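Engineer: Take this structure first; my questions come after.
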Amino acid sequence: MGMLPQHFLTESDRSLISEVYELAYEKGVDLRYVDQLARDLGRYRKHDNGTMLISFNEGSYDLQGRKQTISFTEKDAATAERILSGGALSSTDIDQGFIRWRLDPGIGFGLSSNLDFLEQMVIQFSSRADEVAELGAKFSTHVWIENNYILHTADEVTLHRPSVSEAPTEEDQVKEALASFQISKHGLNERLLEGFFGKSEARNTAQSLLSRLFDLLKISNTSKRG
């Protein structure tokens with residue numbers, strides 16, 4: 001079993017998350033909101049600050065070869081836009097790289113942190129902390145949000161996959177493997193002949209290999225009798 005994402009948090013991440021837990025506890029916020037935020041931040045660190053994960057929106061296709069993309073729901077898209085365009089982003093203590101990564105729909109659809117809660121934390125830990133709404137009233141009971149993204153599939157086929165008739169059959173693959181084996185075997189035989197009889201004679205030796213071997217055997221037998 002791999003390490004939990006939280007184990008990849010940096011020292012500064014842990015310090016910040018501790019403050020978030022403390023604030024949430026004081027304000028009566030369900031701590032599962034903080035758990036989710038910490039988990040997603042840990043995933044970001046685990047995957048080299050998100051660079052090891054590719055957004056779904058970069059080259060995803062269905063079986064027919066139609067491009068697929070993902071977007072947030074209208075509500076979450078509005079929240080993401082407020083965070084990215086708000087004045088708190090530039091001064092927040094929360095890693096801006098993580099925030100932008102979390103707000104990429106092609107990445108964020110697979111994460112669990114609540115965007116409304118993230119928005120409040122971005123503001124709370126910035127120079128505009130006085131603008132934070134009453135946290136306890138909104139986040140006192142954790143609510144799981146499902147189906148919070150929209151899958152879009154293009155009409156046009158832009159990725160052409162090989163048809164069944166074009167794909168190599170098992171019989172073709174076997175024939176190709178045998179052909180490769182025969183070529184390799186032939187090359188090996190040539191190298192053996194060169195090593196045994198000398199390179200200059202190797203090409204003329206293939207046809208008389210058996211007679212040469214019989215001659216050698218005769219010499220060997222004669223030596224033994226002598």
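Since every read-out is calculated from the coordinates, none of them should be taken as a lab result. None of the values given here were measured: they were computed from a predicted structure. FYI the Cβ positions are ideal-geometry reconstructions off the backbone, even for glycines, and counts take in every protein chain you see.
Engineer: For the stretch 1-151, what number of Lys pairs, 8 or more residues apart or on separate chains, have alpha-carbon atoms under 27 Å from each other?
Structural biologist: Going through the stretch 1-151 pair by pair, I get 4.
Engineer: While we're on this one: At R0 = 25 Å, how high is the FRET efficiency between E58 and D93 if r is their beta carbon distance? Nearest 0.05 is fine.
Structural biologist: FRET efficiency, E58 to D93: 0.25.
Engineer: Once the Cβ-Cβ distance between T51 and L84 is put in as r, and R0 is 25 Å, what FRET efficiency do you end up with, to the nearest 0.05?
Structural biologist: Rounded to the nearest 0.05, the efficiency is 0.80.
Engineer: Order by neighbour count: I107, I17, fewest other Cβ atoms within 10 Å first, most last.
Structural biologist: Working: I107 23, I17 20.
Result, fewest neighbours first: I17, I107.
Engineer: List W144, W101 from most exposed to least, where exposure is judged by having the fewest other Cβ atoms within 10 Å.
Structural biologist: Fewest-to-most Cβ neighbours within 10 Å comes out as W144, W101.
Engineer: I want the local charge near S140. Using Cβ-Cβ distances under 12 Å, sum +1 for each Lys or Arg and -1 for each Asp or Glu among the other residues.
Structural biologist: Summing Lys/Arg as +1 and Asp/Glu as -1 gives +1.
Engineer: Turning to a different aspect of this structure: Calculate one ³J(HN,Hα) per residue across the stretch 21-35 by plugging θ = phi - 60° into the Karplus curve 6.51 cos²θ - 1.76 cosθ + 1.60, and present them in order as whole Hz with x for glycine and proline.
Structural biologist: Once θ is set to phi - 60°, the couplings for the stretch 21-35 become 4, 4, 4, 4, 5, 5, 8, x, 7, 4, 5, 5, 5, 6, 3 Hz.
Engineer: Which whole-Hz ³J(HN,Hα) couplings does the stretch 46-57 yield from phi under the Karplus relation 6.51 cos²θ - 1.76 cosθ + 1.60, θ = phi - 60°, glycine and proline marked x?
Structural biologist: Here the 3J(HN,Hα) series is 4, 9, 6, 6, x, 6, 8, 10, 9, 5, 4, 6 Hz.
Engineer: Would you compute the Debye intensity of the stretch 5-157 from its alpha-carbon atoms alone, equal scatterers and no solvent, and pass along log10 I(q)/I(0) at q = 0.09, 0.14, 0.15, 0.17 Å⁻¹ to two decimals?
Structural biologist: Reported log10 I(q)/I(0), two decimals: -0.30, -0.70, -0.80, -1.00.
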